[in-house]
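Below is one structure, written out as structure tokens; comments come after it.
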Amino acid sequence: MARQAQDRPSEAPSQPEALNRVLAFLQFESGDATPARILSVLSVLPLTLLVVVVGIGAEWLTRGGHIPALQNQTTAFQQEFGGQVSYGQWVDTQLEALAPQKTPWDPAADLGLAGLAVNARAWNRVSSPFWTAMNWAIPFASEGDPDILTVPPLLVSLGLICFSLVVTWIILHTVSELSAARAASGVATRLRLAVYHHAIRLGDPDLAGADANAMFAPQLNLVEEVLRRLQGARNRCLAGIVAFGILALVIDPWLALAGLACLGLTWAIAMIVRENTRSRASHRENLARQSLKLVRDSVNQSRLIRSLGMEVPQHVKVEHWLDGAELAHTASRRALALGWLMVALAVTVVGSAWLFLAACEVHARVVEAGLAAVQATAMGGLMIWMRGLGRIRRQATEASSAAADILAFLDKRAVILPAGQQEKIGPLAEAIEFDCVTVADKERQLLDQVSLIAPAGERTALVGLDSAQKQSLMLLPGRLIQPLSGEIRWDRLNLKLADLAVLRRQVAVVSGRDQLFHGTILENITAGDASITREQAEEAASLVRLDTHVRSLPAGYQTVVGPHGRALPREVCFLVTLARAWLRKPSLWLVEEPSPDPANDWADMLDDAMGRVLPGQSVIICPSRLPTLAASDRIVVMDRGKVNAVGTHQTLSADNALYRHMLRAGF
């Protein structure tokens, strides 16, 4: 089915909805999304356990290494286990030896944080695997002799556990980030491919799909980065908030609630200060930009200033504007610095209040010092997780706008002509007609009610001082752009009814600018047509006098050219496209002649090449030299988007003043 690049009106998705659509697409299309979320959540568990283990070590050190339940019990352990005593019975024996008069016994109150080690056993919970691993490390610390301890056994156990937890966290974090990156990259690649295909479908990027260039790299890069963070960092932050919050509540609920209230108060203060300072800083930056814009405008008007002798007064104005821009920029920086200072002071005051409350509880023996340290670490971790979550939300807000633009572009609908209504056109036999055609880009109107006829078998030249107007007219026959109004008729058939694939096989564009794609010279000549052999491509190159130049290159026809390949002269690029067009045998040639360097013999070579392939063909040409212009059957003079005159070189030279002016200006 043929498609026309005329957008149907469609309701653009809102920004949050757009990002949610992309997320839903990610979860549906990518197999790495679910593992990334699971691994991100699991990566928080080693950090939580690491805080607990470090707290146990800190408690042990603060007590001078004298916690009875955790001292070296190697001899008793070996003797009793040699007598088939279970680990649980051994722990019960230690509990009775520590506090035989207490019923029930509270290890957390008597031993501080270290009591957590036996608290599980006291409440009939299974903790033997954890502590079996600890006791397993004791012989290494004692060198096989329990009476000669070179390193405290508990520190060795805790060190091994900390090392294992850190390694586990590194592995989980790395794998989760890789999974999230693969998932986001896969979705971004699919979106880029969709944007590419849709841009090709809509037409020429400069006129019909200009938004595609902007969103293809920067906007999709932003969406990809946010998708990666949403699959990895956001889940990790949420899991960290839950894990550290539970840890803080288990240690001391009231102290944890007080910490959460302090965090909430700090967050509220930070939001208020940030909005206020950003508003003031943005206002000052706008003033600075306005002043600098006035300076740039003054630079652009330097010729007018010199002609009027206004150098001195304008210099005074420029100094005033620059001073204003400096003051505004300094005020903006000052506002941001004061905002940061206020937030830092708020965090310091609120944090000091919470630490004072925790110190009072430690002093009153409500909570042990080690437990308070763990809780302080948990509250600090909560603040870090919450800050990371806020940063991700801000980035998601920015990416939502980009996602909305991308989906709005992909939601553009073209008018689809049913296959039964398409006409199979043949070679141009009569003429191609432009009837009241109007074309505009985003900035201005290029063609205004243009009407002209290009007869078949003749060479029609377009002359005008505005190259964009001529190029837009050249793009119309192949329906690479669509007019706002008017019709283009191919042998009296409206091109809107023509089969697009058949039409484009009948039209060839020959130009020395932006017509080579990334690939070898041979691939550029054959244009991906597998039916064209190398011998046929070389024959076409010889016909247009390209073969000698190509064979002088080190790689010959395998030389890579295009946007990222070897740079070729515009004349050579023109000959490549001329050979490509000759192989396709079109019935309408759209030719943009390059301007050859007078210092070489390219002009004669171009004349010879075009003289070999263009005679007797239907040609619309934008000439750059007077001989080409004079050889045209008819010349169309364009001015301000309209057809000013049509005639031959002789008649226009005699009767049209604008044409004579264009000849002197180099048309």
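The values are calculated or read from the model by the stated rules, or taken from the named source; none is laboratory data. Fair warning: this is a prediction, and the values are worked out from it, not measured in the lab. Heads up, the Cβs are rebuilt from the backbone with ideal geometry, glycines too, and the neighbour counts pull from every protein chain shown. In case anyone asks, the SASA skips ligands and DNA or RNA and just uses the protein heavy atoms, side chains included. Shrake-Rupley method; radii C 1.70, N 1.55, O 1.52, S 1.80 Å.
If you go through the stretch 529-538 one residue at a time, do you hit one that is surrounded by fewer than 18 Cβ atoms within 10 Å (Cβ to Cβ), touching a strand residue (DSSP E or B) at 6+ places or on another chain (Cβ under 9 Å) and hydrophobic (A, V, I, L, M, F, W, C)?
no
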>> Quick test for you: out of CYS262, CYS360, pick the one residue that is in a helix (DSSP H, G or I) and in contact with a Phe, Trp or Tyr (Cβ under 7 Å, 6 or more places away or on another chain).
In response: CYS262
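Every residue in the stretch 501-514 that is of a type outside the set (Val, Ile, Thr) and crowded, with 17+ Cβ neighbours inside 10 Å, please.
Passing the criteria: LEU503, ARG504, GLN506, ALA508, SER511, GLY512.
Return yes when ASP607 is open to solvent by 10 Å² or more (accessible area, probe 1.4 Å) and without any contact (Cβ under 8 Å) to a residue 12 or more places away in the chain and no when it is not. Give the derivation first.
On the way: open to solvent by 10 Å² or more (accessible area, probe 1.4 Å): yes; without any contact (Cβ under 8 Å) to a residue 12 or more places away in the chain: no.
So ASP607 fails the test.
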>> Looking for something open to solvent by less than 30 Å² (accessible area, probe 1.4 Å) and more than 28 Å from GLN471 (Cα to Cα) - is there at least one such residue anywhere in the stretch 568-577?
In response: no
> Any idea how many residues of the stretch 586-614 are part of a loop (DSSP other than H, G, I, E, B), out of contact with any strand residue (DSSP E or B) (no Cβ under 7 Å at 6 or more places or on another chain) and modelled with pLDDT under 90?
Replying inline: 8
>> Looking only at residues that are in contact with a Lys or Arg (Cβ under 9 Å, 6 or more places away or on another chain), in contact (Cβ under 8 Å) with a residue 60 or more places away in the chain and not basic (Lys, Arg) in the stretch 476-493, which one is nearest to SER451 (Cα to Cα)?
In response: GLN482
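Yes or no: the stretch 612-621 includes at least one residue that is touching a residue at least 60 places away in the same chain (Cβ under 8 Å) and either among the acidic types (Asp, Glu) or in contact with a Gly (Cβ under 7 Å, 6 or more places away or on another chain) (or both).
Checked against the condition, which is being touching a residue at least 60 places away in the same chain (Cβ under 8 Å) and either among the acidic types (Asp, Glu) or in contact with a Gly (Cβ under 7 Å, 6 or more places away or on another chain) (or both), the stretch 612-621 yields at least one hit.
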>> For the structure I just gave you, tell me whether ALA258 is surrounded by 12 or more Cβ atoms within 10 Å (Cβ to Cβ) and either over 30 Å from ILE241 (Cβ atoms) or modelled with pLDDT under 85 (or both).
In response: no
> If you scan the stretch 314-355, which residues turn out to be over 35 Å from the mean Cα position of the chain (by Cα) and either open to solvent by less than 70 Å² (accessible area, probe 1.4 Å) or of a type in the set (Gly, Ala, Ser) (or both)?
Replying inline: GLN314, VAL318, TRP321, GLY324, ALA346, VAL350, GLY351, SER352, ALA353, TRP354
> Looking at (1) in a helix (DSSP H, G or I); (2) more than 19 Å from VAL576 (Cβ to Cβ); (3) within 33 Å of the chain's Cα centre (by Cα), which is the one condition that is false for GLN469?
Replying inline: (3)
>> Can you confirm whether ALA214 is modelled with pLDDT under 80, assigned to a helix (DSSP H, G or I) and either of a type in the set (S, T, N, Q) or open to solvent by less than 60 Å² (accessible area, probe 1.4 Å) (or both)?
In response: yes
> For the stretch 644-651, does any single residue satisfy the condition of being in contact (Cβ under 8 Å) with a residue 60 or more places away in the chain and surrounded by 21 or more Cβ atoms within 10 Å (Cβ to Cβ)?
Replying inline: no
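Yes or no, residue by residue, for (1) out of contact with any helix residue (DSSP H, G or I) (no Cβ under 6 Å at 6 or more places or on another chain); (2) at pLDDT 85 or above:
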| residue | (1), (2) |
| --- | --- |
| ALA281 | no, yes |
| LEU294 | no, no |
| VAL299 | yes, no |
| VAL318 | no, no |
| GLU368 | no, no |
> Out of ALA353, ALA331, which single residue is assigned to a helix (DSSP H, G or I) and touching a Lys or Arg at 6+ places or on another chain (Cβ under 6 Å)?
Replying inline: ALA331
